[in-house]
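Single-structure report; data block below.
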Amino acid sequence: MPLSPRRAQSNNFGGRKNATPYKGSSLETSCPQLLKRTSISPAARLTAIPSSSPISLNHKFHGFQVTTPPAKVPKVEISKKDVLRGQIIGFLRGEGQPEDTNADFKIFSDVSIDDYEFIIEAIAEDDNNQFNRYKLSHSPSSNQLVATLPTPLHENLLKPLRDTIDAVLASMEGRERGGSTEKALGTPDALVEFHDGDRGCLQLWGTEISFSQARDAAIAKLQRSVIFNKFMRAVTLFDVLEDQRYSSPSESSHVFQTLSETDRVVPYRKWLQKDDLPVFGPVTGFTHNWVSSLTVVVTTWVRPDDGPFDLYDQDPRYYATAQLCPDTDLVGLDNIQQLFHRTFASIRDTTISHLEDLMAEEEGSSAESDISDESGDEGTSHMAEASAISASPTPDPFQLVRTWVPPMLPIDWKKVMVQLRNAARQTGYTRYSTWHEKLIKRKAEEAEISSRSPKRTRRSR
């Protein structure tokens with residue numbers, strides 16, 4: 001039986017009607033699209049300087065020429081805060097970035113929560129697709145804003161989680177339902193959402209992937225999501241850390257000299273090194289380490305039965321963390337599985353409660369409509385009939401869902417590890433191919449400039 005009921009097409013409850021499901025309801029992993037507006041963005045207001053030209057006013061007074069001095073253009077003071085905001089927004093737009101920028105992330109300091117909200121608003125009002133490249137997270141404790149370029153690690157880690165969550169939710173609903181890979185700035189990387197027939201949306205479970213030393217900012221981002229969303233039942237964080245920070249080959253290195261002589265990027269299959277052991281060791285290509293060995297820690301929180309949802313409270317009843325690799329914490333991963341089990345049960349109960357509230361509201365409004373439409377003895381008889389019908393027991397439309405029990409071990413960690421190794425290889429190749437393409441472009445531009453320069457010829461004696 002489907003999870004969600006469907007509203008009746010008529011408000012007349014004069015006769016007995018069985019509860020029917022809401023068509024169009026869904027429980028799935030998804031994320032809202034980035035809001036687009038056409039109004040002037042806050043970023044534009046940073047550099048908006050009022051334009052006016054000095055005006056000379058000539059007056060004649062008793063034969064004397066009186067000329068007023070030119071009006072002074074008011075000086076616009078731009079604060080350091082506005083300069084910082086402008087620099088961050090300019091970076092996100094891709095302005096002023098050198099072509100040899102190879103960092104997967106950039107950290108901005110002295111960024112307050114007001115600055116972060118201003119930047120998010122500026123992005124939402126801007127049509128520049130460049131913004132969609134970045135994941136933003138802010139840490140109020142350190143006042144740092146981290147702009148991260150999503151890598152294959154994000155998508156590959158999320159895939160087995162989305163597949164598992166969608167399969168579990170489908171078993172609860174009794175029908176297949178797909179998830180979405182869309183992501184908007186300021187939201188978790190993946191969301192479990194419930195959509196009812198009235199276009200209502202409940203965000204129930206958020207998952208974030210932090211990569212390249214952004215754990216504090218990722219936790220702060222998840223904390224904001226649970227504060228502003230009372231329906232959020234759980235959040236999960238995958239913290240991926242490279243043992244050594246990535247750096248591109250230097251010009252004095254052997255790999256730089258070797259690849260400078262080639263004008264084509266090596267295909268992925270030829271680039272792969274069969275001797276590599278991704279995750280547990282570096283991903284190499286042309287003797288260069290494109291991804292170092294990884295440490296992956298999984299942490300999950302569930303909303304307490306009473307009290308605030310504080311991600312900095314490590315109460316073992318609502319919090320579990322474990323290292324996935326290189327040293328696997330089996331006991332810790334079992335604890336996480338137990339919290340995942342409770343999360344699915346909480347999602348079940350929350351969605352049922354939400355739908356019951358919708359049904360109660362609809363029945364109340366329908367009853368009021370019936371009372372206002374009926375009058376006289378005929379109306380009294382209809383009311384008595386409706387009262388008799390409502391007094392009789394009605395079947396529970398959520399009976400099958402209430403008895404549904406989520407799996408005890410919902411996540412297959414072996415599948416996660418397979419995806420993680422593939423993600424490390426693909427991240428390494430993305431770094432290599434991006435760097436090599438820039439090198440080829442740079443060599444071509446240097447050759448073109450050299451060919452255009454005038455050549456001096458010796459004078460004949």
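Here are a few things to note about the model shown:
- Extension gain for residue 251 to residue 82 (0.36 nm times residue separation, less C-alpha to C-alpha distance): 57.1 nm.
- Take each peptide in 347-354, 439-446, count the other Cβ atoms within 10 Å of every residue, and average; sorted highest first, the result is 347-354, 439-446.
- Globularity ratio of region 414-453, using Cα Rg and 2.2 N^0.38 Å: 1.95
- Where labels lie 7 Å past Cα in the beta-carbon direction, separation of residue 243 and residue 361 in nm: 5.5
- Ranked by how many other beta carbons lie within 10 Å on average, peptides 80-90, 269-279 from highest: 80-90, 269-279
- Working note: Karplus 6.51/-1.76/1.60 with θ = phi - 60° gives region 349-364 the couplings 5, 5, 5, 5, 4, 5, 5, 5, 5, 5, 5, 5, 4, 5, 5, x Hz, where Gly and Pro are set to x.
- Distance histogram for region 220-325 (every C-alpha pair counted, 10 angstrom bins, percent rounded to whole numbers): 12, 29, 20, 17, 15, 6, 0
- Which listed pairs, of 159/274; 221/415; 159/441; 274/441; 106/221; 135/274, have C-alpha distances above 22 Å, in listed order: 159/274; 221/415; 159/441; 274/441; 135/274
- The value given for region 232-285 is a Kirkwood hydrodynamic radius of 14.6 Å, derived from the mean inverse Cα-Cα separation.
- Residue 113-residue 305 FRET efficiency (beta carbon distance; Förster radius 22 Å; 0.05 resolution): 0.15
- Ordering of 248-255, 336-343 by burial proxy (mean other Cβ atoms within 10 Å per residue, highest first): 336-343, 248-255
- Net charge over other residues, Cβ less than 11 angstrom from the Cβ of residue 239 (K, R count +1; D, E count -1): -1
Values in this text are rule-based calculations from the coordinates and carry no lab data. Everything numeric in this text was worked out from a predicted model, so none of it was measured. Cβ sites come from the backbone with ideal geometry, for glycine too, and all protein chains shown count toward neighbours.
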